[in-house]
1. Just from the alpha-carbon atoms, what are the Rg and Dmax of the range 1-45 in angstroms?
2. Each residue of the range 34-51 in order: what ³J(HN,Hα) in whole Hz does its phi give by Karplus 6.51 cos²θ - 1.76 cosθ + 1.60, θ = phi - 60°, with x for Gly and Pro?
3. What percent does the relative contact order of the chain come to when contacts are Cα pairs within less than 8 Å and at least six residues apart?
4. For a protection proxy built on the mean count of beta-carbon atoms within 10 angstrom, sort 56-66, 1-11, 21-31 highest first, please.
5. Rounded to whole Å and ordered largest first, report the semi-axes of the equivalent ellipsoid of the chain derived from its Cα gyration tensor (root of 5λ).
6. For the chain, what is the accessible area per residue in Å² when the probe is 1.4 Å?
7. Helix-only estimate, please: 222 nm mean residue ellipticity of the chain, summing -39500 (n - 2.57) across DSSP H runs of length 4 or more and dividing by its residues, to the nearest 500.
8. Per the 1.4 Å probe, what fraction of the accessible area of the chain, in percent, lies on carbon and sulfur atoms?
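The values are calculated or read from the model by the stated rules, or taken from the named source; none is laboratory data. In this text the structure is predicted, and so the values were computed from the model without any measurement. Methodologically, a virtual Cβ is constructed for each residue, glycine included, from the backbone with ideal geometry; neighbour enumeration extends over all protein chains shown. In case anyone asks, the SASA skips ligands and DNA or RNA and just uses the protein heavy atoms, side chains included. Shrake-Rupley method; radii C 1.70, N 1.55, O 1.52, S 1.80 Å.
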Amino acid sequence: NMPTATITEENLRDGEIDIMGLLVASGLCASRSEARRAVQQGGVAVDGEKVSDIATTFTKADFEGEGKVVRKGKKNFRKVIAK
């Protein structure tokens with residue numbers, strides 16, 4: 001029973017979304033600058049893998065099926081799926 005966010009074509013640039021865009025689109029961060037700080041401070045993980053590079057990108061295919069769990073901090077997380 002996990003909160004869910006959906007990624008659409010509008011969120012993608014050239015078929016990809018960067019980690020900052022993903023955090024904003026999922027509602028975990030209010031702005032790209034807040035997302036950048038969270039990544040640089042080591043507080044972001046995707047499917048349990050820590051993300052420390054703001055240049056990390058994902059494709060729409062990464063979120064199809066079960067989707068991915070995006071976490072910011074210890075208690076803020078969303079399951080992100082593609083539509």
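1. Expressed in Å, the Cα Rg and Dmax of the range 1-45 come to 10.9, 32.
2. Each residue of the range 34-51 in turn: 5, 5, 4, 4, 4, 5, 5, 8, x, x, 10, 9, 10, 6, x, 8, 5, 10 Hz.
3. Numbers: 145 pairs, mean separation 30.9, N = 83.
Averaging sequence separation for qualifying contacts and normalising by length gives 37 percent for the chain.
4. Details: 56-66: 14.6, 1-11: 12.1, 21-31: 19.6.
In decreasing order of mean packing, 56-66, 1-11, 21-31 become 21-31, 56-66, 1-11.
5. Working: eigenvalues 61, 43, 25 Å².
Listed largest to smallest, the semi-axes of the chain are 17, 15, 11 Å.
6. Working: 5030 Å² over 83 residues.
Value for the chain: 61 Å² per residue.
7. On the way: 2 runs with 16 residues, N = 83.
Result for the chain, helices only: -5000 deg cm²/dmol.
8. Details: 2190 of 5030 Å².
Its accessible area is 43 percent carbon and sulfur atoms.
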